[in-house]
Amino acid sequence: MLKKLLSYLIPMPIIKQKSKLSKSIEVTWNNGEMVLDSENTNYSYGSLQRILRFGLKNIGFSKIASMNHILVLGVAGGSVIKTLV
């Protein structure tokens, strides 16, 4: 819990692991959220969420609310679901 609180000041690393495909994978507390990153990709929260939020705002709430189904391919840290809700 202390790392989560401190993450509002500086990112707090939790684990960093080597990966054959991504070279390294890292889980970090950042702004109170768990962030999953590799060397070249952000999988949850961070800049990825800002881009998604921007796109959804430009589509418009009324258009999105009228959709009956949404296909989510992979949820990584679950940030996409939280943003869609």
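The values are calculated or read from the model by the stated rules, or taken from the named source; none is laboratory data. The structure presented is a predicted model; accordingly, all values stated were derived computationally and were not measured. Reconstructed Cβ throughout: ideal geometry from the backbone, glycine too, with neighbour counts over all protein chains shown. The area values use the complete protein model at the heavy-atom level, side chains included, leaving out ligands, DNA and RNA. Shrake-Rupley method; radii C 1.70, N 1.55, O 1.52, S 1.80 Å.
Can you tell me which of 8-19, 27-38 comes out highest on packing, and rank the rest after it, using the mean Cβ neighbours within 10 Å? The partial results should precede the final answer.
Numbers: 8-19: 11.2, 27-38: 17.4.
Per-residue Cβ counts within 10 Å, averaged per peptide and sorted highest first, yield 27-38, 8-19.
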Practice task
Please report, as a whole percent, how much of the solvent-accessible surface of the chain comes from carbon and sulfur atoms (probe radius 1.4 Å).
Solution key: 63
Problem - Placed amide H near V35: partners under 5 Å, 5+ positions off or other chain - result: T28, W29, N30
Handout entry: With Cα atoms, 0 to 90° folded angle of helix 46-59 axis to the chain main axis
Key = 10
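Using alpha carbon coordinates only, what is the Rg to Rh ratio of the chain, with Rh defined as the Kirkwood radius? Write down the numbers at each step before the final one.
Working: Rg = 14.9 Å, Rh = 14.3 Å.
Here Rg/Rh amounts to 1.04.
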Handout entry: Average accessible surface area per residue within the stretch 1-64, 1.4 Å rolling probe, Å²
Key = 79
Fill in the blank from the handout: Looks like the stretch 3-49, by Cα gyration tensor root eigenvalues a ≥ b ≥ c and the a/c under 1.5 rounded cutoff (else prolate when a/b is bigger than b/c, oblate otherwise), is oblate
Problem - Histogram of C-alpha separations across the stretch 41-85, 10 Å bin width, % - result: 25, 57, 18, 0
